[in-house]
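Below: the structure, in structure tokens.
Each reported figure results from applying straightforward, stated rules to the coordinates on display, with no laboratory input. Predicted, not measured: the structure shown is a model, and the values here were computed from it. Here the Cβ is made from the backbone with ideal geometry for all residues, glycine too, and neighbour counts use every protein chain on show.
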Amino acid sequence: MKESKGGAAVTRDRAPGDQLPLRERKKLRTRQALVDTALEMFTEHGFDGVTLDVLCDAVDVSKRTFFRTFSSKEDVALAPVRDLWATFMEELETAEPTGGPVFELLESVLLAAIGRMGPDGWAERLRLSRRLTARTPSMEAHGLAFCDRTNADIVAVMQRRFDMRAQQDSHGLRPRLAVDLLTAAFHRALECWVADPSEPGPEALADGLRNACAAVPESLELPAHPR
């Protein structure tokens, strides 16, 4: 199945996890147990109050197993947002541009990625992760570095897959600014979504992203008058 919006048509069909080989399913279950347990323990005891040894003991895995999947405590705590952007990159590899604005294409891809995250508790994990990040400087720094790397990776895929006529500057300024605007809109939508006391699901996050992206052109033309 394909969905289209603005500048892209996005492929949505993916094989379900239960079609993976048994070994891969076990790896995914272990990874999910680490993420769920880490977020629960970090929320209850504080990020610095839970050592890696304690986390691994709680999941009954070795530190060697942990480091096969994650590079650090920050990495496991940020897994929900990393999973979203990994899905975004998958969608970007199959998105079909129609000649419309690249920003609309990117918005379509991110909406498709959010739609793929499923009813398996991802929204709750993302909410916990973002609340932890807000009060944990090392997570914030880790997240900013991840965002910068991901934005650069997105631009690289765009330059490889798409013919963007406006991309005539040697540093890829315009594509990078389009990606930066998308991630800025997403972060503002995410901020509002996390703060909502009703704890809405992914559909509300998608609606918030649409609203934030729609506000981008007006924000660039917002006038400033002397008081």
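Give me the angle, in degrees from 0 to 90, between the Cα long axis of helix 202-220 and the longest principal axis of the Cα atoms of the chain, rounded to the nearest 10. Its long axis makes an angle of about 40 degrees. The order of Asp196, Asp36, going from fewest to most other C-beta atoms within 10 Å of their C-beta, is Asp196, Asp36. Using the Karplus relation 6.51 cos²θ - 1.76 cosθ + 1.60 with θ = phi - 60°, the per-residue 3J(HN,Hα) values for the stretch 176-191 come to 5, 5, 4, 5, 4, 5, 5, 5, 5, 5, 4, 5, 5, 5, 5, 4 Hz, with x marking Gly and Pro.
Using only the alpha-carbon atoms, how far is helix 79-94 inclined from the longest principal axis of the chain? Give it as 0 to 90 degrees, nearest 10. Tilt relative to the chain: about 40 degrees. In this label model, Arg135 and Leu22 are separated by 4.4 nm, measuring between points 7 Å along each Cα→Cβ vector. Answer rounded, prolate or oblate for the stretch 88-148, using the Cα gyration tensor with square roots of eigenvalues a ≥ b ≥ c: rounded when a/c is under 1.5, else prolate when a/b is larger than b/c, else oblate. Oblate, because a/c is 1.5 or more while a/b does not exceed b/c. Note on the chain: helix-only mean residue ellipticity at 222 nm, from DSSP H runs of 4+ residues weighted -39500 (n - 2.57) and normalised by residue number, equals -22500 deg cm²/dmol. Multiplying the residue separation of Ala204 and Asp36 by 0.36 nm and removing their Cα-Cα distance gives an extension gain of 58.3 nm. To make sure I understand, if each residue's beta carbon is the centre and we count other beta carbons within 10 Å, what order do Phe146, Phe47 fall in, fewest to most? Placing the least packed residue first, the sequence is Phe146, Phe47. Is the shape of the chain best called rounded, prolate or oblate, per the rule: a/c under 1.5 gives rounded, else a/b larger than b/c gives prolate, else oblate, with a ≥ b ≥ c the square roots of the Cα gyration tensor eigenvalues? Prolate shape, in that a/c is at least 1.5 and a/b is the bigger ratio. Determine the sum of side-chain charges near Asp180: Lys and Arg each +1, Asp and Glu each -1, restricted to other residues whose C-beta is under 14 angstrom from that of Asp180. That sum, taken over residues with Cβ under 14 Å, equals +1. With contacts defined as alpha carbon pairs under 8 Å and 6 or more residues apart, what's the relative contact order of the stretch 161-227 in percent? Result for the stretch 161-227 is 28 percent. If you count Lys pairs in the chain whose Cα atoms are under 26 Å apart, skipping same-chain pairs closer than 8 places in sequence, the total is 5.
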